[in-house]
Each structure stands twice: as structure tokens, then as C-alpha cells.
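The block underneath contains the structure these notes are about, expressed in C-alpha cells.
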Amino acid sequence: MTAGIAALLYGVMGYLNGSSFVTIPVIVGSLLLISMVVIWFRDIIHESESGLYNKQVDATYRWGMSWFIFSEVMFFAAFFGALYYARMISVPWLGGENVLTNEYLWKGFEGGWPTNGPSDLGGEFSTISAWGIPFLNTCLLVASGVTFEIAHHALKEEKRAKCIAAMVATIALGAVFMYYQMHEYAEAYGHLNLTLGSGVYGSTFFMLTGFHGMHVTLGVIMLTVMTIRIALGHFTKDQHFGFEAVGWYWHFVDVVWIGLFIFVYVA
Amino acid sequence: MKRAVSASLLGLLPGSALALQWNLTEGVTEISREVYGLHMLIFGLCVVIGIGVFGVMFYSVFMHRKSKGAKPANFHESMTVEVIWTVIPFVILIGMAIPAAGTLIKMEDASDADMTVKITGYQWMWEYEYLDSGVHFYSRLDAEADRARQTGSGADVAAIDNYLLEVDNRVVLPVGKKIRFLLTAHDVLHAWYVPDLAVKKDAVPGFVREIWTKIDEPGIYRGQCAELCGRDHGFMPIVVEALPQDEYDQWVASQTGGATTDVPADMEAEATDAAEQQVAMASDAEPEAEQADAADSAPAEMGKDELMAAGEKAYKTNCSVCHKDTGQGMPPAFPSLVGSAVVGGEPAAQIQQVINGKNAMPPFGHLSDTDIAAVITYTRNSWGNDSGVVQPADVAAQR
Amino acid sequence: MSSAVDHHDDHHGPVTLKDGFGKWVMRWISTTNHKDLGTLYLWFAFIMFFVGGAMALVIRAELFEPGMQFVQPEFFNQMTAMHALVMIFGAVMPAFVGLANWMIPMMIGCSDLALPRVNNWGFWILPFAFTILLSTLFVPGGAPAAGWTMYPPLSLQTSNAFPMLIFSVHLMGISSITGAINVVVTILNMRAPGMTLLKMPLFVWTWLITAYLLIATMPVLAGAVTMLLTDKYFGTSFFSASGGGDPVMFQHIFWFFGHPEVYILILPAFGIVSTIIPTFARKTLFGYDSMVYATASIAFLSFIVWAHHMFTAGMPVAAELFFMFSTMLIAVPTGVKVFNWVATMWRGSMTFETPMLFAVAFVFLFTIGGFSGLMLAIAPVDFQYHDTYFVVAHFHYVLVPGAVFAIMGGVYYWLPKWTGVMYNEKLGKLHFWLTAIFVNVTFFPMHFSGLAGMPRRIPDYAVQFADFNMWSSIGAFGFGFAQLIFLWVVVQSCLKKGEAATSRVWEGAHGLEWTVPSPAPYHTFEEPPMIADAEITAVHDEPAKA
Ligand code: HEA
Ligand code: HEA
Ligand code: CUA
Ligand SMILES: [Cu+2]
């Protein structure tokens, strides 16, 4: 697994440095990584299905998952912090709020948000309105949270068909979300001239939504695995932490999005 | 090597025994003396607390040994003492915090200044612009020290006056005036640090920071760049020369050719006689390095090999941090010079860019015409580039 | 993933060299046993300590006298940055994780860490991470040279090494987070019945809090370096003013991680010292509860003091005042700890075996480092100290005779438990005295050169700093030599050369780890032990035994 990551990273590093020996390590690394993850999870699934898990192990997974999600929260916190800092501190400062930076270095720069900075990096751009697709996306994700809970209850009541249906709905909602998100990106790059290079607005916008998008993708994959497992008859009505863990993750992704919606799109 | 070590061992001991400075300087401003006072206060408190704590500890280390027949006591808890040794340090801290806050607030108040100097940090020199009088120059490590500090130069650095703490152009300031500095940087972070003034502030590219000082006594005060800024971070000293007001006025007059503002550039040539002096007029904030270098004023034709050899050296010293030894740079931040349109095009454009810089590329106007010609020739004839030779005279023509 | 499902090496001893070399290698690569992994972590840390130390010696050799003798300035900067990264992320942190691996399950009475496979994975990331990091020394453009703090825009000038630096930091982060989650979960979930939270040994407590700090801050570091990466390669402008960002923003994010990080490097040390001192004073630790609360307060405060590293970076006065006051506050809980240690020694019945020597030296020298920290906290005066050797003196006092001494003390303390033989006490003492003397010869003069105005991170200096630097360099080489003795002592023990150790090892030792034989069997506490309160160091109303 580590070897896989190493090979993958080696390739990416090569890519960033403009080296040509890139493709092979990236492919080999990714394959290695994926197969190791699969094997690892297969083992765990196998163990859980063989009824090897007692209360303590269950609690271990609960704690483990909670702390993992906490670490993810802190990861996003770094980017939200960057957004806060840029909006509340660096841009006003450049706009002359403290010391007359805009008199001596950036003549006439006034700050304000959104901005691509005093050098007008990347040129004029427009932003995405919160009340179009982003709002729709918010609804989609919230709805998917609800459908997930429906699936959870169904599982507890041992109504497998209903559970699967609700899971499929959840996945579908997630997938539509992703589709819209891609569409937004295409729009931003294609028509609005809003890119990663659009100063600090573009940077924070794509960094936050991008990492969130990656988490949604991962979430959808995990939801799919869970659905398959339910279809295979895994989990019992009171032993299904794997399922719940994915649920926690999914709700976490949901909450991050609401934060994003408020601070990136609306405010 | 061995000889050098022993020589300096011998050479240093007597000399430095006099000069050895153990403590913080008291400095030459009201603020610096306050800071010194704070330093001594807190240091004193720490020493007293230390003597108490360590005294008790070592007493028990020596007295309560098993080998001395000590029997362990039984106590292991006491709310009372816990509270005492929480509260007492807290009170001591408040005693430190109050005067410290007072000084800090004063230090950060740069209002009502009598004059303003804008300071810009470059890799690896300082630029000074006197916004009121229009004096403007660059200040870099003194040439002798610069030669001696090259790795393996074998020079006896102890024999050089103020090794690493001398510059070609000093910042001359009047005493008794509140001087405001506007601090910024051109490329990376630097920090302007002069201990005797108790001033240290980071120079941040793209931002302006304010600091101030009011010097009491005439004198020469030395400092250094105090924020890691790359290869030659250790080699960008700061020297402040504080003069009485009248001498300061004379200095300004000599820099500006008599008048205080808006003097035609050609008048300054006489005033700047020292070979390394680079003084330029700037009534606005445009950094434009102008060189009044006698040696370069009638440059000789040079052979290509000579230029290439000098160029390679100058390239490695000045350019390769960004453009790399291979000339390939680090795109997109630092463009490749291999096959670059600028390098392949008219020499004039490239000369201008090297002298004046462009965006993230710093100006190199402080280099001599020969060096600039050499480095340009080098870039034009390396890594598969082939676009001709540039002579010092071409560079001089572009200044 | 309970031990019941662990394959191969269960319920019989580990594979040894005698079973064949290939098998033996595979055992170490695939081991999920906490003791094996503890050993791996500790050896890894030891190697990195020598690597980082060798880099420090390059620095000290160049600084031996003024003038540039051996290296180019660029290489010097690479050494400074790599020395710090290797020491912090490669030596001290893995050493603490190694100790946690070995001791925590044995201290709280469980058979292994909660997530053994994650544990294996977390360790094996490290050799890869450091291979990447160290190999930057050989790529075009050389290793990162912008300090361990990686401030942009300078760090963006790093050439090919740049992505390698970033990814190795990511990997170290993943490793630390997995390790930390494992520790938290083990402590919260796997304690033997009767081992309530407030009966846990302090080492376990400090690690619990450290793990929390790790989980909270390592992702922030990952975020920060990710932004560096995109700034360099994908055109973002988080840290560039021309796009509306700010280089200082990086510093805020970095130090939001970085300050808690320095407590990550010291809290487990506090735990070790709090374990060693009661043993050799033959007296219960004074003020157990207040020790726990003090540790928690330090951890809490560590999140609101970060900008004391940035007083000169330019902040509004109000912010500077806030960070000055909050930083000063940390002296209070830390003081409580120091006073409690002294009170534990007071009227004890002390003997001074090597672990105790290191612990006493820790209390003495760490406190000196703490005092200089307090001086740095005074913002107006920090303008004078910042980025001078005074700071270098401060943090080496808390890191070397602080963190590193505690680790060495801990190693001597538990070595007999690990190997089953007593280490050579004479050599141990010699190692201690040489180390303690040279550490001061090395780092004490740095206070003076710093006060006299010598900036840090410079390869050459003005002549008036020469004497101090010469002492420092001599001290550093002496210190390095002393560590060879340490290496020798440890290797001898590992080769089982020495008297057999009893299970209790130290007369005054308390705690579950001393109830199992020495060397500790491959599997301990398969069945949770019955906790007899007298066995736990930190019993509340249990009188100390002589
Ligand atoms: C183990 C690591 C460790 C620890 C424990 C500490 C502990 C402390 N540190 Fe230090 N510090 C570092 C590692 C550490 N530090 C590092 C690595 C850097 C440099 C990073 C870089 O730039 O590369 C640094 C830099 C640093 C700075 C920035 C300096 C600068 O760059 O200008 C400051 C400023 O406030 C500071 C303060 C403190 C304080 C107040 C404490 C306090 O926790 C200390 C508290 C302890 C005591 C005070 C002693 C015991 C107390 C008593 C006996 C009670 C009574 C005492 C009084 C009332 C005075 N540290
Ligand atoms: C835990 C952390 C830690 C530890 C243990 C150390 C240990 C040491 N450090 Fe460290 N140091 C830092 C963390 C640490 N340091 C940090 C964070 C910085 C700041 C970096 C920055 O500015 O970005 C720093 C910076 C720093 C500087 C300032 C560099 C500069 O500003 O340019 C110096 C200078 O003397 C120094 C010296 C030393 C020395 C002599 C030791 C000694 O204690 C080391 C002793 C160990 C040995 C000597 C190893 C023994 C090995 C041998 C004897 C064998 C040799 C082997 C071979 C040749 C194969 N360190
Ligand atoms: Cu400029 Cu350091
Ligand atoms: Cu700190």
C-alpha cells in the first residue's frame, strides 16, 4: 500500500517537475494502491461477516471513525481559515485599510470581494450566483442526507428492499450533485473566466469546492459499496457499523457543503 | 585549513575579549532603552524564580537521598500549595505584562513622523527611498567582505573592518527626529533589523509595514537582514549612520546636488564619486537603478570567451536561483530562458529587463555594465541558444 | 481487527532470524504487534537522530569560525531546513510514538493497540516519507532550503525538491494521524476493567492529549502545504499579494499547526518524567490531578498562542497584545508541573540511576528553556530576540535537554523491560554526564550570541560572534560523540549482554508494565488483568511504598 502511494507520488512529482518518466509510476502506483485498499477492506468485511466483532471492536471503530472525521474537519478548517483571512484581513489590508499599502504599492486598489487582487490576475471574471445551481445542489445534498437516514431506518427494521431503494436514491442524488458541480466548473472556466488563477477568489473557490467534490466522490463510492453489501445480505439490524460510518461521513460532507454554500456562495 | 584555524584562534582571542558582548544592547533610542529595561526585568524575575525552584530541587537532590538514609515521606497532594503556586506565577506575569503592553503600544504608533523613508528588501540588498527629499539608492554588502565571504576564499576575515556588517551605501538619518519607515520587499520576505534602534520588522512583498525610530545619539549602527531570504540571507547587512541635523542636511544636499526635490538626473554625476556608489534620483516610487560608475563609462570591447566566462559566474551568482543552472527556470513562475523570445530577440529588450526587472524578476541595475553584458551574452549562447554577443557599451547605452 | 483475527504469529513467539532471513524480514514488514512496531519506531527514530545530528554537525562545522570554509551558502540553508525536519518529524515524534506503542498497552492492560493493521501501515509510511525527503539532497537544485517553516515566497523558489518536500510532509502527516487515532482509540476504549481515566499513568494521559493535538493540527499543516503546492504549480495566489493573498497567511496557518506541534514534542516528555521521578524518589507523584489538568490547559492554550512566532510579521497591536498575554499564560500550568516534580522529589528517598539523572536534568534544563520562552513571549522584547540565536538557544533547550533527554531517560528506564537485561550502568552514567555537559557547552553560548545580535540561519557571521560560536561548535561535536556511547549501550542491551533483569526492575517502580516478566513476552494481557490499585503509579489515596 505504502509502496503504491510512493510510486504514485513519485509519478506526480515527476509530472510537476516536467519529467517524462511519469505515466508508468502513476499507473503502477494507482493500481497498487487501489488493490491494497480493496484487499484491506475485503479482509475487514470478511472479519465482520464472520462475526468476529464484539462490543469493544465496535466501539473502536466508532471512536476511530469519529476522530478521522475530526481530522477531516480540521483539514477543511485550514481552507476556510484561508478564505476568512483573505476576505477579512489580506484584501482589506491591500486595499489600504492599515498602512497605505494601496498608495505605495498598488495604486488605487480598493479591495472588496470577490477579487482577483491588485494585479487583476487572470483578468475580469464573474462569479457563480448562489441561488442557481449551488442552491439546487444544497437541496440535493440535504435530500440525500434524508434518503440515507431512510435507508438506515429501513435497515434497522430489516426492510432490505426499501433500504436498497433509499440507498440508490442517495447515490443518485450524490451523482447528480457531482454532475452539476462539473457543469459549474465548465461554466466557470468556459464562460465566466473564473479559474484557479483568478487571484485569491479563484484560489479559495476552487480549493474549497474541489476538495469537497473529492470527498463527495469518495462518499459516493463508499455508498455504492455499502449498497452492494446490503444487496449481498451483509449487515444485521443491530450490527452495521460499516454502514453507519459511511453515513457519518456522508453527513459530514453534507455539513461542509452547507458551510461552503454560506461562506463561498452566499456571503 | 589547519593553519587558518589556528591563525584565527590566536588572532581572535585577544581582540574579541574586548569586544565580547554578552547582553542585549541598550541602544540609542528611548524605545530601545525601555526594551532593555523590560529584558532585564524579566530576566531578573526568571533568575529569582530559577534560584528558588532549583534551590529547592538541588537541596532535596543532595539531602533526600537514599544513600543518606532518607525515608520517603507520604504526602502527595495539597490543594493549598497547588493554588499558591498557580496564583503567585500568575501575579508575577501580570507584573510583567503591564509594562510590556505599554512599550508595545508605543512601538506600534508611527504617527506624527517628521520624515519617511521607504525601504525595500531585495534578494540580496536593500533599497532606500527618502520620500521627502527624493534621495534614492541601493545598499549592498561591502565589496571587500563580499569577496572574502566566498566559500574557500581563504581570506582572513578578522582583518576586515566590520566583516559582513559594512555596506557600500549607508542609510544616513538625522538624530532627534521621528523617522517613519515604510517597509516592503520585492521578491521574498526579508526583515530590517538594527539592534541599537530596537527595530525589527518583516518586509513582506506586496505589503507595506510601518515602523519608526527616533535616534538620540549620532553614530553608526549596524544590523542585518533577519528573515531567511535564500542563499545570501547572511550577506545583506544594514548600516545606519545617524548625523546631527545640519550634517544630515548637507548629506541630503550632496545627494540631490543642492536642491531637495526634482533635480535633473545629470547633475548628480559629480556628487557621486565613489566607484561603487549608486545613487539615483527618484521623486516617485519607480525603482530605477542608475549607475554612475566611472570604470564602466568607457567600456572596452570584450572577447566572447571572456564574456562567457564572466557571464557564467555572474549567472550562477545572480540568476540561477530562479532560472536554474540549466536555464530552464521553473515555469510557470520563472520562465525558461532556453529558446525564450526575449533571449532570442533584440538585445535592447533583454538589457532593459535585466537592468530594471519585470514583475517577479528583480532589477539587476546594481551590476556593472561588464557583468550585465557578460551575463546576457552567457544566456544568449548557452543551452542551445545562439543569439550573439552583447558588449558593455551596449549596456551602457541602455542605462 | 482484534488480536483474535491476527494471522500467523499469534499465540506463539515471533519469527526470529533462525527461522530464515526472508521470513524474519517479512515478520518485521508485516508485523502488527505493538511491541514489534514500537521497536521499529524507536530504531527508525534513532537512525534519524543520527542523520539529523550529522546535518547539525555540518552546520556547526561551518560556523566554527567566521568566513566560509566548507559549504556553499545554499547548501548550508539546505542543512538547516533538513536538520530541523529530520529531527522533529523523523527523530523526536517517531521516538514518542515508539514509546507509546511499547508502553501504552502494557500500562493500561490491553493486548495490543486498537487498530494493529493501521499501526503497521502508519509506521511503514515513514521510511518512504524520509526516503523522499532525504533524496532531495541529490536532485537538481538541491534540498529544500527555506527553513523547516517553509515560508513562501522563498519556499516557492525551491526547484525539483519542492513537490518531494510537500508530499513527504503529507505522508508524515498521514502517518502521525493514523498513529494518533490509534492511540486515542486504544486509551479510550481498551483499558483494563478498573483502570479509570484518573488512574491512568501520566504517560498515558499526556499521550492522549498529544494525540488529540496531532489529530487537530496535522491536517492543518497538510492544508497549508497543499496551498503552497497549488501556488507553485496551479496558479493559485493564496500567498501572493498580487492576487489578493498574503505570504503572512501561510505563517498563520503554519503556526496554527506549529505551535501545538512543539507541545506535541514536549507533552509525552512530561509524561515520561512524571513516571521516572516518582520511581526513583520512591514516593507517589505529587499532585496527580493537577498534573492532568495542567497538561490539558497547556494543550488548550497551545491553540491560541500561535502568532507569538510572528510578532515581527506585522499585525494590529490588539492582536499582538492578545498573543503576548495568552503565551505568557502558558507559564502557569507549566509551572505547576515543574513545582509538582520538585515536590515529588522533596523528602523522597532518591537514588540516581541513569533514567533519574536524565529526568532531573530535564527538570533543570527544560525550565531554563521555558524561562527563555517566556522572555520571547514579551512582544516588545521579542522584536530584539526574534530570528536571532537567542531563539535557537530557547528551542534547543526545550527540545534537546527537554524532549530528547526525556526520550533517553525513558529508553534507559524501560530498556530492561524490553530486552530482559540491565544496560551497563557505568556507561549509561558516562553518557549522561557527557551529554549534559556538552549540551550546555553547545547551546548556552547561543543565548549570548543571540543577545549580541547574531541572526539565525546564516552560514557566516561577523567577527564579534566568533567566540560563542566556537564554543557551540566544540560542544556539538562533543555531544555527538557522547551519543555514540548511547548507541553502544543500547546495542549491547539488545544483544542481551548484561545481567538479567527482574520483572520489577526498579525498586520503586509502579504500574502494570512491571507486573509482566522482563523481557516482556510477545503477547501481554491477552486477558485483561485485575487491577490492584497498589500497582498503579498514580493511585489516589494509596500511601507510597518504600
Ligand atoms: C518542545 C518544544 C517547545 C516548548 C515546550 C516551548 C515552550 C515555550 N515557548 Fe517556544 N519554541 C519552540 C519550541 C518550544 N517552545 C521552537 C521549536 C521555536 C522556534 C520555531 C522556529 O522559529 O523555528 C520556539 C519559539 C518560540 C517563540 C518565538 C520566538 C521568535 O521566533 O521570536 C516564542 C515567543 O513567545 C516561544 C515561547 C515559548 C513559551 C512561552 C513557552 C512555554 O511553554 C514555556 C513555559 C515554561 C516555563 C516558563 C518554565 C517553568 C515555569 C515555572 C518555573 C513557573 C514560574 C515561572 C514564571 C512565572 C516566569 N517559543
Ligand atoms: C528535536 C529537534 C532538534 C534537535 C534534537 C536538534 C539538535 C541539534 N541542533 Fe538543531 N534545530 C532544530 C531542531 C533540533 N535540533 C530546529 C527546529 C531548528 C530550526 C531550523 C530552521 O531554522 O528552520 C534547528 C536549527 C539548528 C541550528 C541553527 C541553524 C541556523 O539557524 O542556521 C543549529 C546551529 O548550531 C542547530 C544545532 C543543533 C545541534 C548541534 C544539535 C545536537 O543536539 C545534535 C546532536 C546529535 C548528533 C551530533 C548526532 C550524533 C551522531 C554522530 C556523532 C555521528 C555522525 C554520523 C555520521 C557522520 C554518519 N540546530
Ligand atoms: Cu534578506 Cu534575509
Ligand atoms: Cu510557539
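The values are calculated or read from the model by the stated rules, or taken from the named source; none is laboratory data. It should be emphasised that the depicted structure is a prediction, and the values quoted were computed from it without experimental measurement. Here the Cβ positions follow ideal geometry from the backbone for every residue, glycine too, while neighbour counts run over all protein chains shown. Calculation scope for accessible area: heavy atoms of the full protein, side chains included, ligands and nucleic acids excluded. Shrake-Rupley method; radii C 1.70, N 1.55, O 1.52, S 1.80 Å.
Some points to look at:
- Counting only alpha carbon atoms, the long axis of helix C:354-377 and the longest principal axis of chain C meet at about 30°.
- Pairwise Cα inverse-distance average, inverted: Kirkwood Rh of segment B:30-108 (Å): 15.7 Å
- In segment C:28-83, chymotrypsin sites (Phe, Trp or Tyr not before Pro) in a DSSP loop with at most 16 other beta-carbon atoms within 10 Å: C:Phe70
- Total accessible area lost when B and C pair, probe 1.4 Å, Å² to nearest 100: 9000 Å²
- Rounded to the nearest 10 degrees, the inclination of helix C:247-264 to the longest alpha-carbon principal axis of chain C is 20 degrees.
- One quarter of the surface of the convex hull around the alpha-carbon atoms of the protein assembly as shown equals 48.0 nm², the direction-averaged projected area.
- Distance between the pseudo-spin-label points of A:Ile150 and C:Ile304 (7 Å out from Cα toward the beta carbon): 4.5 nm.
- Full extension of the chain between C:Tyr522 and C:Leu484 yields a length gain of 10.8 nm, computed as 0.36 nm times the residue separation minus the alpha carbon distance.
- Over segment C:390-436: Kirkwood hydrodynamic radius from C-alpha pairwise inverse distances, Å: 11.8 Å
- Calculated FRET value between B:Glu144 and A:Ser66, using beta carbons and R₀ = 56 Å, to 0.05: 0.30
- Pairs over the 22 Å Cα-Cα cut-off, from the set B:Lys200/B:Lys358; A:Lys107/B:Lys118; B:Lys66/C:Lys497; C:Lys35/C:Lys497: B:Lys200/B:Lys358; B:Lys66/C:Lys497.
- Angle between chain C longest axis and helix C:317-329 axis [Cα atoms, degrees, rounded to 10]: 30 degrees
- Take each residue of peptide B:234-242, count the partner chain Cβ atoms within 10 Å of its Cβ, and average: the result is 2.
- Peptide packing for A:159-171, C:90-102 was compared via the average number of neighbouring C-beta atoms within 10 Å per residue; ordered from the highest value, the list is C:90-102, A:159-171.
- Shielding by partners, peptide B:164-175 (average Cβ within 10 angstrom, other chains): 1
- Each of the GluC sites (Glu not before Pro) that DSSP puts in a loop and that has at most 15 other Cβ atoms within 10 Å breaks chain C; the longest unbroken stretch is C:1-498.
- Estimated from helices alone, the mean residue ellipticity of the protein assembly as shown at 222 nm is -19000 deg cm²/dmol (sum of -39500 (n - 2.57) over DSSP H runs with n ≥ 4, per residue).
- 5 angstrom amide H check on B:Cys225, placed H, neighbours 5+ away: B:Met236, B:Ile238
- Quotient of C-alpha Rg and 2.2 N^0.38 Å, computed over segment C:324-374: 1.31
- Distances between every pair of Cα atoms in chain C, grouped in 10 Å steps from 0 to the bin holding the largest one, split as 4, 18, 29, 28, 15, 5, 1 percent.
- Estimated FRET transfer efficiency (B:Asp132, B:Ala341; beta-carbon r; R0 51 Å; 0.05): 0.75
- Pair B:Lys177, A:Ser129: separation of 7 Å Cα→Cβ label points (nm): 5.8 nm
- Beta bridges assigned by DSSP with both partners in the protein assembly as shown are antiparallel in approximately 75 percent of cases.
- Convex hull volume per residue in cubic angstrom - Cα atoms of segment C:165-255: 99 Å³
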